[in-house]
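Beneath this line is the structure, given in structure tokens, with notes to follow.
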């Protein structure tokens, strides 16, 4: 009976195969005739989700508008033997991007054509500064922009971006106008339209502060040289500067808690002490007061609230008892007054994690330093990583502060090496690994990106300087760019040109900002390839995630 079934079925099988072969153009697996026409497809990457305006052409006349990432087909197909030439007719304008075509020209050879268009997806461009270490500043003339101006190599600066998209940068630790002038800086710079402008402050290091009268702006006022201060821009566009480690009015170096405002080209000493190493005045938790002020401190975490308020967490400095250590206090500055919001008023408290994903008034990220921070669209405060100042562990945890409580949202309370996974792919098991002093920023979709720092790479062999780029979205991490091995050398490429192989050298405590076109920029930072060498950068890089 089985033989009969075989004999009966065989003719039908042969006929089916012949029909399939005929319909597939001689076994090519496609319904397209041997000479076509064939599709010209483009794979677009790196286009911003709020972008648009990208227009591609094939052979100059076939037009394809693209408003998203993905694979798209030109309206007109091309016969085998015909030529194709894909080009960018119009670049995206909002935000501005530079899309480039790869494998865009050729001859169709009896199959569909695949062309790639990269709009700068996680590609770095070296934009200025030196490719060498420890370079002095080129100051030029006060308030005069120039292509020749460049801040000296430095770390631990304060940066702001105003409503016009101009970067402002104050001080830090680094090199002044002299090749060997290493110390703490008090110079103020702007960066706009590709040029630096020295706005004011000294061209030499380690200057004392000139405070003037409390609350009175004056041309002669100027904050002392310092590093690891914090700052923000208020709703009126004024710059604010608080604390850090540097020089007070007497020329004494220590932990500062002075509060400054820069507006209309003048500094105003607004609050705090003009001498260093003062204890904090906490008042009552949750109650704002003109008498409240955090103690002198450096290396705090900071956020700007969606309501224009300024938030500060922890740092190394003086508590309410005039003792010095790592703090866990959370402060808010609004309407001219400080409020002690949460946390202990004494130093040295370890983290309390609670249950992952569950808010609790007892939870706290604990005493730590070098964490990255961001504020989401709802005004909630977030932080990632840093080093546990009690245990010394390098951390990879993610925390959220909302409605007066901390929530441990992601990562582990134990030290963890980087788990990189597949580049560009989100996975619940991925982790950047424990690190301190990376920088975080947000794209227009609200996703968070981090770059660099000091910590554990994928090999878990040693602590070292990193130059990788990560994205955090939907509670998961994806490794997006840069080496998964620490201490890799920089690849500068051609100045001003983004390229997939470009990468800044490993570093931490660099200046970082996001411009009005959502490009991420960095300047400078610190690198130590061995215990006997210390290097400061002043190179400038741009990344479009």
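The values are calculated or read from the model by the stated rules, or taken from the named source; none is laboratory data. All of these numbers come straight from a predicted model, not from anything done at the bench. Neighbour counts run over all protein chains shown; Cβ positions are idealised from the backbone, glycine included.
Step by step: first the residues of region 474-493, then only those that are free of Cβ contacts under 8 Å to residues at least 60 places away in the same chain and outside any strand (DSSP E or B), then the one that is surrounded by the fewest Cβ atoms within 10 Å (Cβ to Cβ). Which residue is that?
It comes out as 474.
Residue by residue, here is whether (1) within 21 Å of residue 240 (Cα to Cα); (2) exposed (fewer than 15 other Cβ atoms within 10 Å of the Cβ); (3) touching a helix residue (DSSP H, G or I) at 6+ places or on another chain (Cβ under 7 Å) holds:
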{"residue": "328", "(1), (2), (3)": "no, no, no"}
{"residue": "337", "(1), (2), (3)": "yes, no, no"}
{"residue": "342", "(1), (2), (3)": "no, no, no"}
{"residue": "351", "(1), (2), (3)": "no, no, no"}
{"residue": "356", "(1), (2), (3)": "no, yes, no"}
{"residue": "361", "(1), (2), (3)": "no, yes, no"}
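When the residues of region 307-323 are narrowed to those that are touching a strand residue (DSSP E or B) at 6+ places or on another chain (Cβ under 9 Å) and assigned to a loop (DSSP other than H, G, I, E, B), which ends up surrounded by the fewest Cβ atoms within 10 Å (Cβ to Cβ)?
307
Tell me which residues, restricted to region 175-223, are without any contact (Cβ under 8 Å) to a residue 40 or more places away in the chain and over 24 Å from residue 537 (Cβ atoms).
210, 220
If you scan region 94-128, which residues turn out to be under 19 Å from the mean Cα position of the chain (by Cα) and at pLDDT 90 or above?
Residues satisfying the conditions are 124, 125, 126, 127, 128.
Rundown of residues vs (1) buried (at least 17 other Cβ atoms within 10 Å of the Cβ); (2) assigned to a loop (DSSP other than H, G, I, E, B); (3) at positive phi, yes/no style:
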| residue | (1), (2), (3) |
| --- | --- |
| 424 | no, yes, yes |
| 444 | no, yes, no |
| 466 | yes, no, no |
| 496 | no, yes, yes |
| 501 | no, yes, no |
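Table: residues versus (1) touching a residue at least 12 places away in the same chain (Cβ under 8 Å); (2) out of contact with any strand residue (DSSP E or B) (no Cβ under 8 Å at 6 or more places or on another chain); (3) over 28 Å from residue 165 (Cα atoms).
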site: 228; (1), (2), (3): yes, no, no
site: 236; (1), (2), (3): yes, no, no
site: 246; (1), (2), (3): yes, no, yes
site: 250; (1), (2), (3): yes, yes, yes
site: 254; (1), (2), (3): yes, no, yes
site: 270; (1), (2), (3): yes, no, no
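So residue 64 fits all but one of (1) surrounded by 15 or more Cβ atoms within 10 Å (Cβ to Cβ); (2) modelled with pLDDT of 95 or more; (3) farther than 30 Å from residue 446 by Cβ; (4) in contact with a strand residue (DSSP E or B) (Cβ under 7 Å, 6 or more places away or on another chain); what number is the exception?
Here residue 64 clears every test but (3).
Among the residues that make up region 69-91, is at least one of them touching a residue at least 60 places away in the same chain (Cβ under 8 Å) and under 30 Å from residue 197 (Cα atoms)?
So far as region 69-91 goes, no, none of its residues is touching a residue at least 60 places away in the same chain (Cβ under 8 Å) and under 30 Å from residue 197 (Cα atoms).
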